[in-house]
Each structure stands twice: as structure tokens, then as C-alpha cells.
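Asker: Quick one: the structure is below, and I'll ask about it shortly.
Since every read-out is calculated from the coordinates, none of them should be taken as a lab result. Here the structure is a predicted model, which is why all the values come from computation and not from measurement. A quick note on method: Cβ atoms are made from the backbone with ideal geometry, for glycine too, and the neighbour counts reach across all protein chains shown.
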Amino acid sequence: MTGLVQTLVDLAAVHKRPAAERAVNEADRLELIDPPTLRRALEVHRSEPGVRPLRAMLDRRTFRLTRDELERRFLPLAERVGLPLPLTKEWVNGFEADFYWPDLDFVVETDGLRYHRTPAEQARDRLRDQAHTAAGMTQLRFTHEQVYYESEHVLSVLRATARRLLVGA
């Protein structure tokens with residue numbers, strides 16, 4: 001039986017970055033291994049072909065943990081409008097933010113049905129929105145449908161918001 005690290009190394013050797021990133025994110029979400037531990041474990045495998053792409057992905061400046069494909073699809077949209085790389089999985093005003101730009105006081109949430117379908121989850125989302133607004137932050141919330149099928153709309157809203165926020169930064 002192949003261990004987790006070996007499996008991730010092998011996957012990175014034969015698949016493109018999105019598949020490897022998805023596997024690392026899922027392993028982290030399931031608390032099987034976290035990125036710093038994985039990075040250290042790669043030393044044992046350093047001569048294997050998948051190590052280089054995994055290390056590049058784990059580089060703090062380029063790799064951002066995301067909970068699901070929706071969040072992974074959002075990141076390039078933010079980059080296209082000229083926003084700097086956001087922090088992810090950061091606690092802001094008592095809530096974990098999908099995407100956070102501390103220098104801009106800007107938070108973006110992406111809402112898929114997996115984590116936002118029940119009345120209790122939706123009520124928590126409203127509390128989160130209220131906490132960010134009360135703190136004077138700019139917050140945007142995009143749905144699964146918008147990110148996947150209405151990316152031009154998302155880009156338009158992000159572009160206008162980024163223009164306003166980057167002028168004041």
C-alpha cells in the first residue's frame with residue numbers, strides 16, 4: 001500500500017497542477033497532512049519526478065489552500081483584475097474568510113451549495129456579512145453559478161471594486 005506522501009508525489013508527476021492541488025487541499029481538509037508537513041516530507045522523496053511540481057505548488061507565494069473547486073476557480077478571476085494574491089482560510093472578525101486582502105480591508109466569499117445550503121448556514125453567512133460591514137470592510141459574495149457561468153459579471157464587479165480599493169491603498 002502506498003503512503004499519502006508517495007501518492008501525492010506520484011500524482012504530481014503525472015497530472016497537471018489542478019489535480020495535485022485538489023488532492024493536497026483534500027488531504028489538508030481531512031486533516032491527513034498539512035502543507036508544511038508535506039513540504040518537509042518531500043525531502044525523503046527529493047529525487048522523484050513529482051517532487052519539483054509539488055514544491056512549486058507549496059511555495060507560499062503561489063499556493064493557497066482552498067476548500068473546493070469553486071474557490072480554485074475564483075482565484076484566477078481576482079488575479080485577472082489586478083488584485084494582489086489574497087490570504088485564504090484567514091480568520092477575520094471572528095469568521096473564516098474564503099479570500100482576504102488585509103491591506104485593502106476586502107473580503108470575498110464564494111458560496112457553493114455544499115457549505116451554504118441550510119438555514120443555519122445561511123444565517124451564519126448573514127452574521128459574517130454584518131460583522132465585516134460593521135468593521136468598515138468591503139465584502140463581496142459570489143455564488144457558484146456566477147463564478148462558473150457568469151465570470152464576465154464577476155470580473156466586472158471585481159474590476160470596479162478593485163479600482164476603488166486600490167486607489168485608496
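Asker: Using the alpha-carbon centroid of each, what span in Å lies between the range 31-60 and the range 140-159?
Answerer: Cα centroid to Cα centroid, the span is 32 Å.
Asker: Please give the calculated 222 nm ellipticity per residue for the chain, where each DSSP H segment of at least 4 residues contributes -39500 (n - 2.57) and the sum is spread over every residue; nearest 500 deg cm²/dmol?
Answerer: Computed mean residue ellipticity for the chain: -17000 deg cm²/dmol.
Asker: Give me, ordered by chain and number, the residues 5 or more places off residue 99 or on other chains with an amide H under 5 Å from its own placed amide H.
Answerer: Those qualifying (amide H under 5 Å, at least 5 residues apart or on another chain) are 108.
Asker: Relative to the longest principal axis of the C-alpha atoms of the chain, give the angle of the C-alpha long axis of helix 151-168, reported between 0 and 90° and rounded to the nearest 10°.
Answerer: Long axis of 151-168 versus the principal axis of the chain: about 70 degrees.
Asker: So what's the angle, to the nearest 10 degrees on a 0 to 90 scale, between helix 4-14 and the longest Cα principal axis of the chain?
Answerer: Between helix and principal axis, roughly 80 degrees.
Asker: Net charge near residue 97: determine it from the other residues with C-beta under 10 Å of the C-beta of residue 97, scoring Lys and Arg +1 and Asp and Glu -1.
Answerer: -2
Asker: Under the rule of at least 5 residues apart or a separate chain, name every residue whose amide H is placed under 5 Å from the amide H of residue 111.
Answerer: Amide H to amide H, under 5 Å and 5 or more residues apart or across chains, residue 111 pairs with 142, 143, 144.
Asker: A follow-up question, please. As I understand it, the value is the acute angle between the Cα axis of helix 69-80 and the longest principal axis of the Cα atoms of the chain; what does it come to in degrees, rounded to 10?
Answerer: That helix lies at roughly 70 degrees to the long axis.
Asker: While we're here: Spelling out what I want: for every residue of the range 95-110, take phi, set θ = phi - 60°, compute 6.51 cos²θ - 1.76 cosθ + 1.60 (Karplus), and round to whole Hz; glycine and proline get x.
Answerer: 9, 6, 9, 5, 9, 9, 10, x, 5, 9, 6, 10, 10, 10, 10, 10
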